1. Test Val39 against the criterion of being among the hydrophobic types (A, V, I, L, M, F, W, C) and open to solvent by less than 20 Å² (accessible area, probe 1.4 Å), and give yes or no.
2. From Ala80, Ala71, grab the single residue that is in contact (Cβ under 8 Å) with a residue 12 or more places away in the chain, farther than 19 Å from Val21 by Cβ and not aromatic (Phe, Trp, Tyr).
3. Out of curiosity, is Arg63 surrounded by fewer than 16 Cβ atoms within 10 Å (Cβ to Cβ), in a helix (DSSP H, G or I) and among the basic types (Lys, Arg)?
4. Among the numbered criteria (1) hydroxyl-bearing (Ser, Thr, Tyr); (2) buried (at least 19 other Cβ atoms within 10 Å of the Cβ); (3) over 22 Å from Phe103 (Cα atoms), which one does Thr74 miss?
5. Criterion first (small (Gly, Ala, Ser), farther than 18 Å from Leu114 by Cβ and assigned to a loop (DSSP other than H, G, I, E, B)) does Ala71 satisfy it?
6. In the set Arg127, Arg93, which member is open to solvent by 50 Å² or more (accessible area, probe 1.4 Å) and in a helix (DSSP H, G or I)?
7. Would you be able to tell me the number of residues in the stretch 96-115 that are over 18 Å from Ala78 (Cα atoms) and either surrounded by 15 or more Cβ atoms within 10 Å (Cβ to Cβ) or among the aliphatic types (A, V, I, L, M) (or both)?
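The values are calculated or read from the model by the stated rules, or taken from the named source; none is laboratory data. Being a predicted model, the structure only gives us computed values, none of them experimental. All Cβ positions, glycine included, derive from the backbone under ideal geometry; neighbour counts span all protein chains shown. Each accessible area value is taken on the protein alone, full model and side chains, heavy atoms only, with ligands, DNA and RNA left out. Shrake-Rupley method; radii C 1.70, N 1.55, O 1.52, S 1.80 Å.
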Amino acid sequence: MTHPLLTALAQARLRDAPMFVRWCELNNVTACPATPASVARFVTDCATLGMERLWPAVQDISRMHVSLGLADPTLGGAAASAISAVANISPPRSWPGPFKQRFGALPYDIQVQLASHEAQRERALRRAQNEAASVRQKLAAFEAQTKDENTNGNEAAARSKD
């Protein structure tokens, strides 16, 4: 007979991180406390689900551990690398090389935010460059027209004197 407290804890784990707990049961791995390596293996094994379904499951693992006062096995290390590999988000182009290498170690939600911000920044930069090019073209056309008017105006004045 199991202790009622252990039964309640097991039910809480299943409720808080159902996908991970079931995966752990199938793979004979301890769900709580989980190791970063087991979370990484879970992410790799379940990669076909896509990040839309996998990320909430990873957040459930995190919440389950934090709520019990345990270290979060989803942060950094093997787990973050596995999540980064599945998500396949490119580091911002504006970042220097050494920082691009560290991008994969960031949590997935931070990677998404940074990638979104970088895309908005690049769109704004492209828009500003296009507007500047358009203004340069208009200025060149205006200068050519002004020069043409000045040249034609001087020739017309010279003919009228003759």
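1. On the way: among the hydrophobic types (A, V, I, L, M, F, W, C): yes; open to solvent by less than 20 Å² (accessible area, probe 1.4 Å): yes.
The answer is yes for Val39.
2. Numbers: Ala71 fails: farther than 19 Å from Val21 by Cβ.
Just one listed residue meets the conditions, Ala80.
3. On the way: surrounded by fewer than 16 Cβ atoms within 10 Å (Cβ to Cβ): yes; in a helix (DSSP H, G or I): yes; among the basic types (Lys, Arg): yes.
Judged against the criteria, Arg63 is a match.
4. If we test Thr74 against (1) hydroxyl-bearing (Ser, Thr, Tyr); (2) buried (at least 19 other Cβ atoms within 10 Å of the Cβ); (3) over 22 Å from Phe103 (Cα atoms), just (3) comes out false.
5. Working: small (Gly, Ala, Ser): yes; farther than 18 Å from Leu114 by Cβ: yes; assigned to a loop (DSSP other than H, G, I, E, B): yes.
So Ala71 fits the description; yes.
6. Numbers: Arg93 fails: in a helix (DSSP H, G or I).
After ruling out the rest, the residue left standing is Arg127.
7. Going through the stretch 96-115 one residue at a time, the tally reaches 3.
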